[in-house]
Amino acid sequence: MTWTTRGSRTVYENRWISVREDQVTGPAGDGVYGVVTMQHPAVFIVAVDDAERVCLVRLDRYTTGTGWEVPAGGTDGEEPEIAARRELREETGLVATEWAMIGRMNALNGIAEAPEYVFLARGVRAVADDGAEQALEGIDAVRWAPLPEVLAMVRDGEISDGESVAALLYALIHLRPELLAR
């Protein structure tokens with residue numbers, strides 16, 4: 001069965017999201033489906049240094065509290081790689097010489113239209129940074145962790161942000177292709 005939309009109305013909108021209610025017919029019959037649409041795609045950056053350590057940021061999210069994540073943010077209408085470069089610098093004070101888009105994903109695909117792009121950044125180095133951008137983002141720490149430690153952080157729930165977990169999986173697939181079953 002395919003979904004049929006019989007009507008739609010926007011119930012809320014701001015510069016980041018739009019929320020609409022759709023009158024639908026789906027597998028369970030007629031009903032209302034709420035959909036959140038991100039105004040712009042998001043980017044996630046897995047920055048890896050020459051020692052195969054991953055850069056993480058700790059920030060306080062209004063909805064979920066404090067936790068470790070990969071650097072990320074909205075594209076604000078920019079091309080995804082341009083936004084990824086900006087977000088990495090703003091959130092960590094780092095720049096990278098090598099960039100590769102390693103994945104595309106959809107956040108909360110049961111309720112949202114939220115495309116996301118995952119980038120691997122290599123050739124990473126620090127630039128002059130006063131930490132003001134981090135403070136504005138709610139970032140209180142930036143740290144480097146070896147890949148096995150990052151995986152343990154996911155296992156132990158220290159990294160619980162689903163999008164960071166997915167971005168790290170894309171990076172692991174890219175960095176360790178021998179782990180893929182053939």
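The values are calculated or read from the model by the stated rules, or taken from the named source; none is laboratory data. Being a predicted model, the structure only gives us computed values, none of them experimental. Cβ coordinates were reconstructed from backbone atoms using ideal geometry, including for glycine residues, and neighbour counts include every protein chain displayed. Calculation scope for accessible area: heavy atoms of the full protein, side chains included, ligands and nucleic acids excluded. Shrake-Rupley method; radii C 1.70, N 1.55, O 1.52, S 1.80 Å.
Only one of the listed residues (LEU147, LEU180) is loosely packed, with under 12 Cβ neighbours inside 10 Å and more than 27 Å from GLN39 (Cα to Cα). That residue is LEU180. Among the acidic types (Asp, Glu) and on the phi < 0 side of the Ramachandran plot: does that describe GLU87? The answer is yes for GLU87.
From the list VAL118, VAL95, the lone residue that is buried (at least 20 other Cβ atoms within 10 Å of the Cβ) and either part of a strand (DSSP E or B) or modelled with pLDDT under 95 (or both) is VAL118.
Taken over the range 65-94, the criterion of being over 16 Å from ALA114 (Cβ atoms) and among the hydroxyl-bearing types (Ser, Thr, Tyr) is satisfied by THR66, THR92.
For ILE111, state whether it is in contact (Cβ under 8 Å) with a residue 24 or more places away in the chain, open to solvent by less than 70 Å² (accessible area, probe 1.4 Å) and either within 10 Å of ALA47 (Cβ to Cβ) or of a type outside the set (Phe, Trp, Tyr) (or both).
no
Scanning the range 7-29 for residues that are without any contact (Cβ under 8 Å) to a residue 24 or more places away in the chain and among the charged types (D, E, K, R) yields ARG9, GLU13, ARG20, GLU21, ASP22. If you go through the range 78-88 one residue at a time, do you hit one that is under 19 Å from LEU169 (Cβ atoms), charged (D, E, K, R) and touching a strand residue (DSSP E or B) at 6+ places or on another chain (Cβ under 8 Å)? Within the range 78-88, none of the residues are under 19 Å from LEU169 (Cβ atoms), charged (D, E, K, R) and touching a strand residue (DSSP E or B) at 6+ places or on another chain (Cβ under 8 Å). The lone criterion from (1) farther than 18 Å from ILE159 by Cα; (2) touching a residue at least 24 places away in the same chain (Cβ under 8 Å) left unmet by VAL32 is number (2). Here the range 7-26 is the region considered, the condition is being in contact with a Phe, Trp or Tyr (Cβ under 6 Å, 6 or more places away or on another chain) and modelled with pLDDT of 95 or more, and the residue that is nearest to GLU116 (Cα to Cα) is VAL19. Taken over the range 121-135, the residue count meeting the criterion of being at pLDDT below 95 and open to solvent by less than 70 Å² (accessible area, probe 1.4 Å) is 4.
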